[in-house]
1. Within the range 337-354, is there a residue that is among the polar types (S, T, N, Q) and touching a residue at least 12 places away in the same chain (Cβ under 8 Å)?
2. Could you tell me whether the range 343-354 includes any residue that is modelled with pLDDT of 85 or more and under 23 Å from residue 57 (Cβ atoms)?
3. Just the residues that are assigned to a strand (DSSP E or B) and at pLDDT below 95, please, taken from the range 184-194.
4. Just one of (1) at pLDDT below 95; (2) touching a Lys or Arg at 6+ places or on another chain (Cβ under 7 Å); (3) of a type in the set (A, V, I, L, M, F, W, C) trips up residue 171, so point out which.
5. What number of residues in the range 138-176 are assigned to a strand (DSSP E or B), of a type in the set (Lys, Arg) and over 13 Å from residue 200 (Cβ atoms)?
6. What are the pairs with Cβ atoms under 7 angstrom where one residue, in the range 183-195, is without any contact (Cβ under 8 Å) to a residue 40 or more places away in the chain and the other, located anywhere, is in a loop (DSSP other than H, G, I, E, B) and surrounded by 12 or more Cβ atoms within 10 Å (Cβ to Cβ)? Sequence gap at least six, or different chains.
7. Is it the case, given these coordinates, that residue 94 is touching a Pro at 6+ places or on another chain (Cβ under 6 Å) and not polar (S, T, N, Q)?
8. Which one is surrounded by the most Cβ atoms within 10 Å (Cβ to Cβ), of the residues in the range 293-319 that are closer than 26 Å to residue 118 by Cα and at pLDDT 75 or above?
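The values are calculated or read from the model by the stated rules, or taken from the named source; none is laboratory data. These figures come from a predicted structure and were not determined experimentally. Here the Cβ positions follow ideal geometry from the backbone for every residue, glycine too, while neighbour counts run over all protein chains shown.
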Amino acid sequence: MGVRRSSRRSRGRATLSLCSVLFLAGAALGAESRFSISPYFDTGYSDNIFWDRSRVGDLILSPGLDVDFGTNSWKLFLNADGQVYRDNDYLNSILVSGGASFFKVFSPRTSLFVSPEFSLTRYSDSVSFLDTAVPGITIGVKHALSARVFSRVGLGFRYSNYLNEDSYDRFRLAAFLELSAFLPTQTTLRFTLGMNYLLFPHIDVASATSTGFPPPLGAGYDTAPHHRPSHSSFPISPSNNEAIVDLALLQPHVIVRLAQGLGFKTGIVAEIMYRKNRDPLQGIQALAASEWTLEQTDEDFFWQGTRFSVGIKTESLLGLEIAVDLAFFKKEYPGIEALDLDGIPIQPLSYRSDSLAQANARIAKKLRTFSLYVNAGYRHNKSNDLYFQYDLYTISGGVEFSI
């Protein structure tokens, strides 16, 4: 079993973290700054909330509040958001997040930016192992190489601190070097070279039939109509039965982005990314076994391969904001065995490989102090691991007020 922390210690950390976020907001209230507050309410339905073969559908309600402060040299934000599931209420959650961006100009060409941020997520007791406090900070320098060419170099740090489950804890370092060119033809070219580094500071004692992690959601709960045993192929040392986990994952990546303006109200963006894992993923099967869990914790760094995306956004039709995005992924998970629906490695032995296509659309209309919007999405995933061969659609709509 994973290491459980005392509830008193968890509550103390959570309270301290939340107070830190509220302190940022309170500090800004005392300063002369631009201020906005935006309550919103969103309701939507997905026919596959776990993004796998379990095909559990549900209606989700999402009330929330955004608060922003800012001047020319700094910005602060605070957000509170709830997720309420109609049928799977054990997934209900509350997210509170906050952060800041500070800018310091050293010269007409060079400036420093610092962006601390924090989030706190709490779930029901059934999935309390996902309760997470995540502090992070990004520091970088922006430099104008010429009137139209700019560079940015920076380093980001984030620690995912699972309040009740040490096994999931992880550090993430992200370094990046970015070059951007702004051309007279309303064209922007951007080239990014980066590196993700993940470090897992805890190793659990495990038997040959236990991963040391809670089961992946969607594959082990009574609410899911289909059950497949969770991944249990941790490498086991025959001498002491300890799980041998490669704690460090290094992942270089490159991104090329092209943005083209079409007048003042329409733009097209295309982007291609390639990334490569320097080491196999053996030892983290339980983490990669739940796409839903990774999405909730904003982690998408395990697969290697290529992503291509293209999007168009316009405000030229009847005053509506219309956006359409298409994306195609070729994902590989080296070191994670592809399993059949009974949780047995397929033969001949191969690693999981996915092809994903997805489309999203948004229509919004601003009416004085509030906006109405409708979102729709579709995703089709093909995988040699049949548990992750699925389709899903989502549709949602809501209203946002600006005060």
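1. First, the residues of the range 337-354 that are among the polar types (S, T, N, Q): 347, 350, 353.
Still in the running and touching a residue at least 12 places away in the same chain (Cβ under 8 Å): 350, 353.
The answer is yes; a qualifying residue exists.
2. So the first thing to find is which residues in the range 343-354 are modelled with pLDDT of 85 or more, and the list is 344-354.
Keeping just the survivors that are under 23 Å from residue 57 (Cβ atoms) gives 354.
Scanning the range 343-354 turns up at least one residue that is modelled with pLDDT of 85 or more and under 23 Å from residue 57 (Cβ atoms).
3. Looking only at the range 184-194, we keep the residues that are assigned to a strand (DSSP E or B), and these are 187-194.
If the condition is that a residue be assigned to a strand (DSSP E or B) and at pLDDT below 95, then no residue fits.
4. Answer for residue 171: the failing condition is (2).
5. Of the residues in the range 138-176, the ones assigned to a strand (DSSP E or B) are 138-144, 149-162, 170-176.
Those still in the list that are of a type in the set (Lys, Arg) too: 142, 152, 158, 170, 172.
Okay, now just the ones that are also over 13 Å from residue 200 (Cβ atoms), so 142, 152, 158.
So the count comes out to 3.
6. Between residues of the range 183-195 that are without any contact (Cβ under 8 Å) to a residue 40 or more places away in the chain and residues that are in a loop (DSSP other than H, G, I, E, B) and surrounded by 12 or more Cβ atoms within 10 Å (Cβ to Cβ), the close pairs are 183/148.
7. Working: touching a Pro at 6+ places or on another chain (Cβ under 6 Å): no; not polar (S, T, N, Q): yes.
In short, no.
8. Of the range 293-319, the ones closer than 26 Å to residue 118 by Cα are 293-303.
Of the ones still in play, those that are also at pLDDT 75 or above are 302-303.
Working: 302: 20, 303: 23.
Only one residue fits best here, namely 303.
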